[in-house]
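Since every read-out is calculated from the coordinates, none of them should be taken as a lab result. Fair warning: this is a prediction, and the values are worked out from it, not measured in the lab. As a convention, Cβ positions derive from the backbone with ideal geometry for all residues, glycine included, and neighbour counts pool all protein chains shown.
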Amino acid sequence: MDLLDFIPFRNELNKAYHGLTGNANQTSENPVFEELKVRRFSKPAKEVAHFIVDKIENWVGWNLKNKKTSVGGMTMIRAEVSSFALLGTKIMVTFGLSEEKDRNGKSITTINAKAETDIDSRGDLGESRRVIRMMLSALDFEFRKSHIKDDEYLFRSLDPKGQTQAMQELFDNANFQTKPAEEKKKPAKQTIPFKPAAKPNGATLKSSSPEKKEIPANSATANGESSSSEKKPSRTKVKVIKLKK
């Protein structure tokens, strides 16, 4: 027995320390916290994966990113979680499901998980650990009658140590990043050049400037008389020719 076991609230102090110094957590066979232990259920991987995807799509703040099968037959489910405690900071969580057959030919599904907080600081207040615990707790309750403990797994598995090590390495080396979908480029709008109208003799009209010219007030009357005289049409004189008798 370690002397540190007599320290009161040791587990809580340990969680607080890891929450202030780390922003990523992962399941393992011998984790620091019991809630991050690898889970095994006597169920097919397809059924467990369907349950995880259904929870991600229905939980508030969870967004399913992708689901694929990696090299080695491991089913990878990746989701993005918005943390309320960190004011909407995104947490990327990944679940890896591996299926094997026991001595009696029944399915055993092993579940690994890892979560990383997209934050600049070193600590995430334990949000990445709580995201993993949230899903694993839901699995423990849903498949509580099919949960496989360590001693039972050692008895049922054909190669417990080899399978455990192989699955852990496969999950650690899996490529979680996916190529973003190529955005479709919208065709550029064609601009039609403005051509001034042409006169019948071939000369082009000059485009008038949009600015209005200011007319002095003093010359308004003079220009008014000239403009009115210009507007009146000129009358042609008609000569009357009388014929002599």
For this session: Please go through the residue pairs K37/K101; K43/K114; K15/K101 and name each one whose alpha carbons sit more than 30 Å apart in this structure.
Result: K15/K101
Seminar exercise, completed: Output ordering of 44-52, 74-82 (per-residue mean of other Cβ within 10 Å, highest first) is 74-82, 44-52
Seminar exercise, completed: Over all directions, the stretch 9-85 yields a Cα convex hull whose mean projected area in nm² is 7.1
Seminar exercise, completed: Heads up, the stretch 23-172 by the C-alpha gyration tensor (a ≥ b ≥ c square roots of eigenvalues; a/c under 1.5 rounded, else a/b over b/c prolate, else oblate) looks prolate
Exercise. Which percentage, to the nearest 5, of the DSSP beta bridges contained in the stretch 23-172 is antiparallel?
Worked result: 95
Problem set entry | Environment charge at S82 (Cβ cut-off 12 Å; Lys +1, Arg +1, Asp -1, Glu -1) | -2
For this session: Just check the stretch 58-126 against the gyration tensor rule for me: Cα atoms, a ≥ b ≥ c as the square roots of the eigenvalues, rounded for a/c under 1.5, and otherwise prolate or oblate depending on whether a/b exceeds b/c.
Result: prolate
Exercise. With each label point set 7 Å from Cα along the Cα-Cβ vector, what nm distance links W59 and R144?
Worked result: 1.9
Seminar exercise, completed: Going residue by residue through the stretch 62-75, the Karplus relation 6.51 cos²θ - 1.76 cosθ + 1.60 with θ = phi - 60° gives ³J(HN,Hα) values, rounded to whole Hz and with x marking Gly or Pro, of 9, 9, 6, 8, 6, 9, 8, 10, 8, 5, x, x, 7, 8
